[in-house]
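Student: Here it is: the structure, laid out below.
The values are calculated or read from the model by the stated rules, or taken from the named source; none is laboratory data. In this text the structure is predicted, and so the values were computed from the model without any measurement. Counting neighbours? That spans all protein chains shown, and the Cβs are built from the backbone with ideal geometry, glycine included. Only protein heavy atoms, including side chains, enter the accessible area calculation; ligands, DNA and RNA are left aside. Shrake-Rupley method; radii C 1.70, N 1.55, O 1.52, S 1.80 Å.
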Amino acid sequence: MLRFSFYLLLSAFVVGIVTFGALLWYVLPQLPSPEALREVHLQTPLRVYTADEQLIAEFGEKRRHPVLIEDVPVLMKQAFLASEDDRFYSHPGVDWMAIARAAIELMRTRQKKQGGSTITMQVARNFFLTRDKTYERKIKEIVLAVKIEQELSKEEILELYLNKIFLGHRSYGVGAAAQVYYGATLDELTLGQIAMIAGLPQGPSKTNPVTNPEAAEQRRLYVLSRMLKLGYIDEQAFEAARKEPVATTVHGLRAEVEAPYLAEMVRSYMREKYPDDVYTAGYRVFTTVESGKQQAANKALQKSLIDYDRRHGYRGAEHHFDLDPNVEPSVWAKLLQGYSDIGPLRPAYVIDVGDRAATVITAAGETLVVPWEGIKWARKFLSHNGRGAVPKTAGEVIKNGDIVRVEWVRPVAAKKKDTELSALEKLGYWRLAQIPDVEGALVSLKSKNGAIEALVGGFAFNKSKFNRVTQALRQPGSNFKPFIYSAALEAGFTAAHFVNDAPIVFDAPGLESAWRPENYSGKYYGPTPLRKALAHSRNLVSIRLLRAIGVKNAVEHVKRFGFDVDRLPKNLSMSLGSGELTPLELISGFAVLSNGGFRIEPYFIDRVETEDGDVVMSAEPSTVCTHCILPELDDDEEPVDIASIIKLAELGQLRPAERVLDPANAWIMNSMMRDVIKMGTGRRALELKRNDLAGKTGTTNDQKDAWFSGFNGDIVTTVWVGFDDSKPLGKRETGASAALPMWVDYMRSALVGMPESRMERPDGLVTVKIDPTTGLLAAANDPNAVFESFREGHVPKAGIPFNSPYNGAPRRTVSEHLF
């Protein structure tokens, strides 16, 4: 009997050894190599940053914020150990006691239940195995856990676990969970919040504090109790943590700079460039946008559109509810859950309306008072050209039960002359508002290399994702005139050339009716020098000018600025900007006028880095360098000018921008456009108190589009205001009144600390005194003479206005040269 028992045990031992060996022979080849264990890659989302490394956006199915183990608070580590694996630092990857308990439970219930998994086994499963509840997977998990313990330290294993574990609401890892549930970083979490997160791995979808606060509270209590039992916390800390609030909401990404339209441009580019792993490889995209300028652009555009909207009256509440005024305030707040903030405009429910004030409640339960100062503007909207009577009481504007918008009006900084500022203006107050129907766009870039420094494609991304900077084809109107004037200079005209500002009628075949273009004012001013005509945006002068130089010649010239001439009309209406361009296309043309005549391409990505910091793409923009001349090769293909190559290398400008415009042409155009601001339609920009600014307003027929494009020698900015469906903006809503204020507000901030930058005067220019009434050379003693600059060979002589192809015979009077 003893011999039989011995052989039975021996046979069982041998069978066990053989079985174990067979299992290893089957399992080991399927397990990852040691190298793979050490090169584990976490699926990390795409992140977009400003040039100064402020976070703009994050894209990816998994929210993940990888953290180093040394940055994880001790209490966070202890909470997970207490909840998941308190023997983590003592077992070899497998806790045989826990597995034995799981085996006994299996025999007792005859059901396969997950149990006995250590943190190391969870790492094995999460990184390399499936979550199938099978014996084969469990065996692989055990073997792999032992293998992981042999290759990695305990701290490395814990770091992988804390970064990989799913914790609900698309959050993977403790860094992401802290942001998603509490909008905080790990070092900002309380003990109760830490325990809540540590309790999530067993049921992240069902026991999180957003979906099921009651179950989450029980899980938190379990974790805290385990921490107390293991001596990680004392009784006082335990009691304080268990009393902390439980319920919370999902917190979005804490973006540091709001630039959603640009972020979407980056996402689209990256999807095309890296389609396979764009959302998982952890790419970091550093854009050219500067955070300060972007924030200034957001504020300028939103303020401008809100101001426009307020000028045209109040359209009424977004919704109205008839509720018992005695209901709980929480009921009012719940009504607002379907309304989100749109830009700076917050949704609010009106709970009380007095004679000269109203009380509202927000979705967060805040009670706000809107004073009469914030209501009295709200005359009823009748049309874009008409409003109702001025309200006398708040009840004429809003009612109890209205869903409205409110905005905070910041305190006005008192100045010496502001002796009549009200108390509200000094302290700030809430104002009734509404979501603007009108839309806008702003784009600003460095004119010497095309780097976009600010871009806003609309009032708010969650209102409309349509990017009007890159996608909106609109007529530029008078904003296009500088390019026609530049073509005229190229053809031989000068800034002193007189053109007749008088009515003109075109009755050509194919037109349904005669075309009778007019100036915006409806007035005509007779013979006008080109400098003054551009400053005051005289339509009839532009038309006659284009007719004189020829449409074909003009098209060839404006093509140099980068415009798609296939989308420009091949007739005289081109002089009034009747073609369709996007703001981004238009600003590219103005950059040529700003930088002295060089063609640049706008770009918005400076570089792309991997998660490890390796640069996989770096922008190589063509850059203006007036002193960098590409060396020509001699017969032996040796550079003639070695100094030029050295200078190019030193400056990093191995791609000099192409000159497309004569420097004298660019300088004269720059001078003429400075007069737009000094004495023309852009006078509002004088409040910036700078002498280096030039620009041009733009307004289309029926005021459907309002533009302003302006620049100095370093920065160029284009703004647009209009309706997406091309409705008229209303009377007097021109580029000067609807768009220019946005440009001024932005540039006021963008130019802070920047010295004045004016184009360097090129060779080949001559400045003389002329008679402003004729454009001829002035007599030496003429007190009314003004200075004007001309290209050499184009200086007028006494009695001969211009040396141009359009002069005719010498010594004719000036009136004979008008057309």
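Student: Rounded to the nearest 10 Å², what accessible area does His794 have for a 1.4 Å probe in the complete protein model?
Tutor: His794 has an accessible surface of roughly 40 Å² with all protein chains in place.
Student: With a 1.4 Å probe and all protein chains left in place, how much of the accessible area of segment 218-272 comes from carbon and sulfur atoms, in whole percent?
Tutor: Carbon and sulfur together cover 49 percent of it.
Student: Another question, then. Can you sort Phe59, Phe80 by solvent-accessible area, 1.4 Å probe, largest first?
Tutor: Per-residue accessible area, sorted high to low, gives Phe59, Phe80.
Student: Next question, about the same structure. Once neighbouring chains are kept in place and the probe is 1.4 Å, which whole percent of the accessible area of segment 282-373 is contributed by carbon and sulfur? Show your work: numbers first, answer last.
Tutor: Details: 2010 of 4100 Å².
Ligands and nucleic acids excluded, carbon and sulfur reach 49 percent.
Student: Residues of segment 691-741: accessible area per residue at 1.4 Å, in Å²? Write out the running numbers ahead of the final one.
Tutor: Details: 1370 Å² over 51 residues.
With all protein chains present, segment 691-741 gives 27 Å² per residue.
Student: What per residue convex hull volume, in Å³, do the alpha-carbon atoms of segment 257-330 yield?
Tutor: Spread over its residues, the Cα hull of segment 257-330 gives 222 Å³ apiece.
Student: Keeping every protein chain in place, order Lys465, Lys446, Lys243 by accessible area at 1.4 Å, biggest value first, i.e. largest first.
Tutor: Heavy-atom accessible area, descending, gives Lys243, Lys465, Lys446.
Student: With a 1.4 Å probe and every protein chain left in place, tell me how much accessible area Tyr181 has, in Å² to the nearest 10.
Tutor: Looks like 0 Å² after rounding.
Student: Based on alpha-carbon atoms only, what is the radius of gyration of segment 242-376 relative to the globular estimate 2.2 N^0.38 Å?
Tutor: 1.46
Student: Follow-up. Could you order Asp352, Asp675, Asp507, Asp277 so the one with the most accessible surface comes first? Probe is 1.4 Å. Can you show the working numbers first?
Tutor: Details: Asp352 80, Asp675 25, Asp507 125, Asp277 55 Å².
The residues order as Asp507, Asp352, Asp277, Asp675, largest area first.
Student: If R₀ is 60 angstrom, what is the calculated FRET efficiency for the pair Arg655 and Lys392, using the beta carbon separation as r and rounding to 0.05?
Tutor: Working: r = 65 Å, r/R0 = 1.09.
After rounding to 0.05, the efficiency reads 0.40.
Student: In whole Å, how far is the Cα centre of segment 448-495 from that of segment 184-253?
Tutor: So the two Cα centres are separated by 54 Å.
Student: When ligands, DNA and RNA are left out and all protein chains stay put, how many square angstrom of accessible area per residue does segment 339-488 have with a 1.4 Å probe?
Tutor: Normalised by residue count, the accessible surface of segment 339-488 is 42 Å².
Student: Under 19 Å Cα to Cα from Lys426, which aspartates and glutamates show up? Leave out anything in the same chain fewer than 8 places away.
Tutor: Cross-link targets: Glu373, Glu407, Asp418.
Student: At 25 °C and 0.890 mPa s, grab the translational diffusion coefficient of segment 741-801 from Stokes-Einstein with a Kirkwood Rh over Cα pairs, rounded to a whole number in µm² per second.
Tutor: This corresponds to a translational diffusion coefficient of 169 µm²/s.
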